[in-house]
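Trainee: There's a structure below that I have some questions on.
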Amino acid sequence: QVQLVESGGGLVQTGDSLRVSCGASGGTFSNFAMGWFRQAPGKERKFVARISRTGGNTYYTDSVKGRFTISRDNAKNTVYLRMNSLKPEDTGVYYCAATGVLGITTTATQYDYWGQGTQVTVSS
């Protein structure tokens with residue numbers, strides 16, 4: 001029912017900035033908390049950031065704190081992830097996901113809907 005489409009990925013250099021976006025359709029966007037996950041080649045999908053339904057609360061994994069910022073625009077049904085000071089270890093496919101679960105949601109099984117992902121590659 002809910003469809004998510006990521007965009008904005010690309011190839012950048014160490015230290016660059018990039019913003020990925022996720023547009024949602026179907027359902028009511030403001031009913032869902034949104035999260036970003038990433039998956040590096042040959043590794044498991046890991047939590048990156050999440051934002052509450054109205055955008056008032058955010059949470060980040062330790063490795064991106066101070067560098068990444070998650071935000072949302074409910075009028076545009078869009079969630080964003082601004083990535084600054086990118087490092088090669090940030091490389092991976094970035095997925096956005098939606099959940100109706102309240103509170104901290106940092107595991108993939110807590111999310112009900114997923115996009116197809118957008119590739120972010122950071123060269124060293």
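The values are calculated or read from the model by the stated rules, or taken from the named source; none is laboratory data. Since this is a predicted model, take the numbers as computed values, not measurements. Here the Cβ is made from the backbone with ideal geometry for all residues, glycine too, and neighbour counts use every protein chain on show. These accessible areas exclude ligands, DNA and RNA; they are computed on the full protein's heavy atoms, side chains included. Shrake-Rupley method; radii C 1.70, N 1.55, O 1.52, S 1.80 Å.
Trainee: In whole Å, what is the distance between the alpha-carbon centres of the range 12-91 and the range 96-116?
Mentor: That distance is 12 Å.
Trainee: Something else about it: Between SER123 and GLN3, take the C-beta separation as r, use R0 = 41 Å, and let me know the FRET efficiency to the nearest 0.05.
Mentor: Given R0 = 41 Å and the Cβ-Cβ separation, E is 0.85.
Trainee: Now, a different point. Of the heavy-atom accessible surface of the chain (probe 1.4 angstrom), what whole percent is carbon and sulfur?
Mentor: 44
Trainee: Provide the gained length on full extension for the span GLN39 to ASN74, in nm with one decimal, where the gain is 0.36 nm per separating residue minus the Cα-Cα distance.
Mentor: Computed gain between GLN39 and ASN74 is 10.0 nm.
Trainee: According to a simple spin-label model (label point 7 Å from Cα along Cα-to-Cβ), what is the distance in nm between THR61 and ASN84?
Mentor: So the label points at ASN84 and THR61 sit 2.1 nm apart.
Trainee: In the chain, what % of DSSP beta bridges are antiparallel (nearest 5)?
Mentor: 90
Trainee: Springs between alpha-carbon pairs under 10 angstrom, Gaussian network model over the chain: which of SER85, SER17, SER63 fluctuates most?
Mentor: Taking springs between Cα atoms under 10 Å, the residue moving most is SER63.
Trainee: Calculate, axis by axis, the spread of Cα positions in the range 19-85 along the three principal axes, and write the results as whole Å, longest axis first.
Mentor: The Cα atoms of the range 19-85 stretch 33, 25, 17 Å along their principal axes.
Trainee: Between ASP112 and SER25, what length comes free when the chain is fully extended (0.36 nm per residue of separation minus the Cα-Cα distance, one decimal in nm)?
Mentor: This chain segment gains 29.9 nm when fully extended.
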